[in-house]
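Bear in mind these aren't lab numbers, they're just calculated from the coordinates by the rules spelled out. A quick note: this is a predicted structure, and the numbers were derived from the prediction, not measured. Virtual Cβ from ideal backbone geometry, glycine too; neighbours counted across all protein chains shown.
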Amino acid sequence: MPNCAVQSVRRFLPFLFVCLLAGFPGQVVRGAQAAPAPDSPRLTPVVRAVQAVAPAVVNITSTHIIEGHRVSPLERFFGPGFGPGFPDSSGFGAQPRKRKRVSLGSGVIVDGRKGLVLTNAHVIAGGDEVMVHLLDGREFPATVKGAEPDFDIAVLEIKGAHDLPAVRLGDSTDIMPGETVIAIGNPFGFNHTVTTGVVSALGRTIRNDGGVFTDLIQTDAAINPGNSGGPLLNIEGSLIGINTAVDARAEGIGFAIPINKARRVMADLMGQGRVAPLWLGLMAEDLDSRMAMALGLKEARGVLVGAVFEGTPAAKAGIEPGDIIESINASPVRDRRDYINVLRNQTGGESLRLNLRRGEKVLALDVTPVPFEDDTARKLMERRWGLAVREGKQGLVIQSVRPDGPAAFLRKGDLITGVGGMRVKNMSELLQAFRKERLAGQVLLQVVRGDRGYYARLVL
């Protein structure tokens with residue numbers, strides 16, 4: 001995901017990931033104030049929660065170094081080389097001009113002893129240098145311990161700082177619509193801004209072209225550019241969510257990732273370096289208008305189960321070929337891409353509620369997905385795409401091709417360099433691409449044969 005609000009608008013309309021290009025003052029001047037009496041009615045639960053948590057809220061600066069050339073007016077008109085008097089031009093002997101692109105976001109310290117910070121993946125995406133700024137004015141560099149765009153969660157480790165203040169982690173399973181919530185962040189560069197509101201709804205789904213984000217908390221607490229990665233707190237000061245997006249079409253519609261999901265993602269990132277991909281153990285295809293008519297459906301929505309693999313969660317739950325999956329956890333499944341994207345935003349151990357149609361019956365089944373291991377993915381790729389691949393010195397080499405398969409026109413020794421626009425350099429990246437495209441009706445491969453590269457389309 002991008003690390004600036006401008007790009008986020010384009011990629012996630014109508015939802016705006018709440019990050020910001022820097023350019024605002026970093027500090028807010030506070031006047032000296034007398035502390036109220038301990039029994040003062042001004043010390044509301046909100047005030048007490050903010051006082052307790054604010055030291056654990058951090059501002060994050062992510063700097064991306066961009067190299068380029070400054071183009072003179074003459075070069076714009078006549079082309080490269082016509083730039084006398086412009087030392088930074090792209091003419092003879094020109095040196096690349098380095099520019100800094102800075103974005104601001106928020107985060108919250110969840111482990112003060114280790115200096116671990118939870119934030120959004122899009123806050124630090126593309127950053128070459130990450131700095132963390134504390135409420136007391138201290139600044140520290142930070143390293144990215146892991147980031148997962150499919151969940152928009154990143155974990156940072158603050159360098160050179162220990163025994164820091166940390167937030168108390170709550171439980172997002174007992175959140176109540178209507179309860180008071182507090183957001184703290186860095187909107188528009190105004191450090192540690194506090195806003196309040198209520199939980200508007202639970203289990204919300206928002207989507208973009210590249211993915212689906214499910215099970216989000218909706219709140220009317222004001223969330224603005226720069227709030228990304230900041231905490232959503234309950235009235236007791238416990239962390240219940242990580243603020244991530246706002247509906248750009250309206251006011252008072254913001255979204256946060258539930259803390260329980262964020263904790264599971266964090267555990268996977270710290271333990272394995274990634275979130276294990278999941279699957280149910282079935283193959284599915286899109287419904288077209290003719291199939292919908294034959295099945296007596298009013299519209300072609302949902303995915304048709306084509307095969308169920310033995311011993312998988314789908315088989316154990318009683319899903320059968322011919323079933324139509326209409327929703328997962330109340331999120332509509334319109335087609336195969338929706339199905340894949342919803343699964344990508346789930347973590348291990350979560351039970352999913354599938355609503356499906358079987359003939360004239362509408363069924364609700366609970367299914368718990370399992371890790372989609374590399375060995376399973378590789379076997380399924382060989383079966384579905386009709387090719388076997390090995391890692392060689394030059395990259396991914398086609399080892400064999402099934403004569404009657406969709407890849408029959410490829411040859412042993414061809415190199416696969418990309419899948420569906422995603423570059424692949426090793427088996428892990430190839431299997432990752434396969435998981436994403438495993439239900440697609442067509443897959444575009446980038447292939448090198450000899451010294452020539454070309455595109456190959458697999459029709460499945």
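Brief remarks on what is shown
- In terms of its alpha-carbon gyration tensor, segment 382-459 comes out rounded; the largest-to-smallest axis ratio a/c stays below the 1.5 threshold.
- Counting only lysines at least 8 places from K425 when in the same chain, those with an alpha carbon closer than 22 Å to its own are K379, K393, K412, K436.
- Listed values for segment 108-118 are Karplus-derived 3J(HN,Hα) couplings in whole Hz (6.51 cos²θ - 1.76 cosθ + 1.60, θ = phi - 60°), namely 9, 6, 10, 9, x, 5, 8, x, 8, 10, 9, and x replaces Gly and Pro.
- Using 0.36 nm per residue and subtracting the Cα-Cα separation, the extra length available between A315 and D375 on full extension is 19.7 nm.
- Shape call, segment 278-371: gyration tensor on alpha carbons, a/c limit 1.5: prolate
- Note on A456 and E251: their simple-model spin labels are 5.7 nm apart, each label 7 Å out from Cα toward Cβ.
- The phi-based Karplus calculation (6.51 cos²θ - 1.76 cosθ + 1.60; θ = phi - 60°) puts the 3J(HN,Hα) values of segment 363-374 at 10, 10, 10, 9, 10, 10, x, 10, x, 8, 5, 4 Hz, whole numbers, x for Gly and Pro.
- Rounded, prolate or oblate (a/c below 1.5 giving rounded, otherwise prolate when a/b exceeds b/c) for segment 99-175 by Cα gyration tensor: oblate
- Candidate lysines for bridging to K114, where Cα separation is under 30 Å - those fewer than 8 sequence places away on the same chain excluded: K100, K145, K159, K261
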